[in-house]
Amino acid sequence: MDNARFDFTAYPEAINTGVEARDKHLKSADFFDTEKFPEIRFQGVTVSQGKDKSYTLKGELTIKDVSKEISIPVTFGGIVKNQQGKEVLGLQAKFTINRLDYNIKFDPTGAGIAKDVEVSLFLELTKQ
């Protein structure tokens, strides 16, 4: 993964939990405030190799009006050819953030909604 660069953008307006009222609340100023902040962004800075097939991706995560440096452990799953004959690279990442650090202040005591949010990513990347 030498010279690899990983930048991600998520659009919280696309949230779909299957419950319309909950989706509307998550998009409100109590949570993501999607009218004011339509994107969640991660801009990767470095990728460093650990043991076996593990890597650490360091970069800046921006949610709402807050940007913080984070480290994301990544596991390289391998490279296979898909049905179209193109190479596909598999990655898996799992990390935790404190939502209060990103001004998602609804239920600030964490009594009803946890402060820590676990993020799991399963990626299949195709070479361009």
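The values are calculated or read from the model by the stated rules, or taken from the named source; none is laboratory data. Being a predicted model, the structure only gives us computed values, none of them experimental. Cβ: placed from backbone, ideal geometry, glycine included. Neighbour counts: every protein chain shown. These area figures cover heavy atoms from the full protein model, side chains too; ligands, DNA and RNA do not enter into them. Shrake-Rupley method; radii C 1.70, N 1.55, O 1.52, S 1.80 Å.
Taking the solvent-accessible surface of protein heavy atoms with a 1.4 Å probe, what is the per residue accessible area of region 54-128 in Å²? Mind dumping the intermediate values first?
On the way: 4890 Å² over 75 residues.
Ligands and nucleic acids excluded, the result is 65 Å² per residue.
Taking a Cβ cut-off of under 15 Å around Glu39, the surrounding Lys, Arg, Asp and Glu residues balance to a net charge of -2, with basic ones at +1 and acidic ones at -1.
Surface composition of the chain: carbon and sulfur make up 49 percent of the accessible area, probe 1.4 Å. By the rule of a C-alpha distance below 19 Å, with chain neighbours fewer than 8 residues away ignored, the lysines paired with Lys94 are Lys51, Lys53, Lys58, Lys68, Lys115. Considering the chain at the alpha-carbon level, its Rg and Dmax are found to be 16.7, 51 Å. A simple count of charges around Lys86, restricted to other residues whose Cβ falls under 12 Å of its Cβ and scoring Lys, Arg +1 and Asp, Glu -1, yields 0.
Let me have the 222 nm mean residue ellipticity of the chain computed from DSSP H runs of 4+ only, each contributing -39500 (n - 2.57), with the sum over all residues rounded to the nearest 500. Before the final figure, lay out each step's value.
Details: 1 runs with 8 residues, N = 128.
Dividing the helical sum by the residues of the chain leaves -1500 deg cm²/dmol.
On the beta carbon distance between Thr17 and Phe122, with R0 = 22 Å, the FRET formula returns roughly 0.75. Reducing region 67-128 and region 1-44 to their Cα centroids gives an inter-centroid distance of 12 Å.
What do you get for trypsin sites (Lys or Arg not before Pro) in region 48-80 restricted to DSSP loop and a cutoff of at most 14 other Cβ within 10 Å of the site's Cβ?
Values: sites: Lys51, Lys53, Lys58, Lys64, Lys68; in loops: Lys51, Lys53, Lys64.
Within region 48-80, the qualifying trypsin sites (Lys or Arg not before Pro) (loop, at most 14 other Cβ atoms within 10 Å) are Lys51, Lys53.
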